[in-house]
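This report concerns only the one structure given below.
The values are calculated or read from the model by the stated rules, or taken from the named source; none is laboratory data. What you are looking at is a predicted structure, and each value in this text was computed from that prediction instead of being measured. Here the Cβ positions follow ideal geometry from the backbone for every residue, glycine too, while neighbour counts run over all protein chains shown. Calculation scope for accessible area: heavy atoms of the full protein, side chains included, ligands and nucleic acids excluded. Shrake-Rupley method; radii C 1.70, N 1.55, O 1.52, S 1.80 Å.
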2 protein chains.
Amino acid sequence: MKAAPEREVDRSVSQTVKAQLALRDQILSGSLRPGERISELQAVETTGASRTPVRMALVRLEEEGLLEAIPSGGFMVKAFSERDISDSIELRGTLEGLAARFAAERGVSARELEPLKECLAAIDELLRQVPISVDAFSSYVTLNARFHALLTELSRSPPLIRQIDRASALPFASPSGFVMAQSALPEAQQILIIGQEHHRVVIDAIENREGARAEAIMREHARLAVRNLRLALRNRTHLDLLPALALIKAATD
Amino acid sequence: MKAAPEREVDRSVSQTVKAQLALRDQILSGSLRPGERISELQAVETTGASRTPVRMALVRLEEEGLLEAIPSGGFMVKAFSERDISDSIELRGTLEGLAARFAAERGVSARELEPLKECLAAIDELLRQVPISVDAFSSYVTLNARFHALLTELSRSPPLIRQIDRASALPFASPSGFVMAQSALPEAQQILIIGQEHHRVVIDAIENREGARAEAIMREHARLAVRNLRLALRNRTHLDLLPALALIKAATD
DNA sequence: CCCTCCGCTATTGTATACATAACGTATTCA
DNA sequence: TGAATACGTTATGTATACAATAGCGGAGGG
């Protein structure tokens, strides 16, 4: 592999992965706007990888749902409607409901629930401060994602876990842009607290092997997130410039 | 593009697509066994495309869930347990339930239901003969897939449709191998008839805008398919050599 | 002045060459 | 005789060259 004279090659990770991460960041940060065509040549320059890994990254991102193939060739950044996004949230909730049911029906040891409960306690701690700070909200988002990931794992169903990961691409994609915290909605924290109550109930249901209840609560949880999204969208003013995705991480409970 | 002297190049479809289809066929037909490492060089020879399109096809098939990346490099054919498959069926049913609910809640015109009802009638016609012939069963599988696809479309939710397509990759992947028809189970046709009844009910529920009922029936439909799969797996004898996927199209209702 | 057609350019699709890492084998030393 | 190391072969990751097509702009005719 002959390194180009002027180009620094980072050998620690594969070029393909590097390109994929870089491009995803560009999409989610809004550097590439929805609907915009993505140029391979340009991607080569911004990512530092050559065309082959860039193309592989583009294919992966297309399968991931962030890009859309253009019939005449190439890719464009996919655009999402508000309904697309709320549907995605409900979809994810439905899948997580199934995961919770599987977990309840198949049984989970106390040891496996341990990290979930730790997550719960940490979130409790964060939500105690009213109103919540931006930093705390940021931690909340991380912990919440962790909770959901752990819950998904409990299903012990690789196909389901895989599918939930894919379904989460939209709702959880954004690396930053904690819109809700910025807009400082008064209802926001109340919604977070209700969501946390859901978390508590689902763990209880799984412990008691009540599959139907576990499933129902996760679906309710998703409906809450949809309401939350609607709320955030109603109150957006200065946010119109952000790509739709940037809203999601904040709104998806 | 200089065609290699001895290699016939088919320009009607892109090499990438051609390679993807060829490789998928190889996987699903069992030419490549689960767990087997897939060699790029070999794939180049069997598909007739060069390495770049082959690699893109491999990445796509990995994202599709048929291949698994090997940490040290390359890909292998993914292996599925029986539980993986039954979980996939239930997963798909859950998603289709959501689609049916969306369709019911969002309203569907009589015109849109037309093709569904035609499908229904055609399947009725096929199921009238007892026992069903292999040819008729083959037609049934096609019509059934069409019905499910049309139903999915009714949700008018691109993210959900996309997700269902992906979830169907496993259950509906196999291009042939109508196992159930061959094994000629006595219960088989009865299950088909019950499934057809489900189809009828879900259309009725959507017409009457009963979202909850539409959703429930599709989930029941999936549970029936899982029972059907179990039945088929119990009765397999000469089928052990087939890849797990080959069973699915037949068993998934 | 507008519409159409031709040609050019830019970008993607494909092929292949090159580098590197991993695996297997053989040989040598303990 | 067994194990470890070194070397060679093979296959993957990466880069780049080449071919073809689509889109765009200019020029010419109506």
- Note on the structure: If we keep only residues of region B:30-70 that are in contact with a strand residue (DSSP E or B) (Cβ under 7 Å, 6 or more places away or on another chain) and among the basic types (Lys, Arg), then the residue farthest from DNA strand D (Cβ to nearest atom) is B:Arg33
- Note on the structure: Scanning region A:51-70 residue by residue, the ones that are more than 9 Å from DNA strand C (Cβ to nearest atom), of a type outside the set (Val, Ile, Thr) and either touching a Phe, Trp or Tyr at 6+ places or on another chain (Cβ under 7 Å) or more than 11 Å from chain B (Cβ to nearest Cβ) (or both) total 4
- Pairs with Cβ under 8 Å, 6+ apart, first in region B:132-147 and in contact (Cβ under 8 Å) with a residue 24 or more places away in the chain, second open to solvent by 50 Å² or more (accessible area, probe 1.4 Å): B:Val134/B:Gln182
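For A:Ile164, are the conditions met, namely being open to solvent by less than 10 Å² (accessible area, probe 1.4 Å), farther than 27 Å from A:Glu36 by Cα, hydrophobic (A, V, I, L, M, F, W, C) and in contact (Cβ under 8 Å) with a residue 60 or more places away in the chain? If you could, list the steps in order and put the result at the bottom.
Details: open to solvent by less than 10 Å² (accessible area, probe 1.4 Å): yes; farther than 27 Å from A:Glu36 by Cα: yes; hydrophobic (A, V, I, L, M, F, W, C): yes; in contact (Cβ under 8 Å) with a residue 60 or more places away in the chain: yes.
Spelling it out, A:Ile164 is indeed open to solvent by less than 10 Å² (accessible area, probe 1.4 Å), farther than 27 Å from A:Glu36 by Cα, hydrophobic (A, V, I, L, M, F, W, C) and in contact (Cβ under 8 Å) with a residue 60 or more places away in the chain.
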- Task: Check whether at least one residue in region A:97-115 is touching a residue at least 40 places away in the same chain (Cβ under 8 Å), open to solvent by 10 Å² or more (accessible area, probe 1.4 Å), within 14 Å of chain B (Cβ to nearest Cβ) and within 16 Å of DNA strand D (Cβ to nearest atom), and report yes or no.
- Result: no
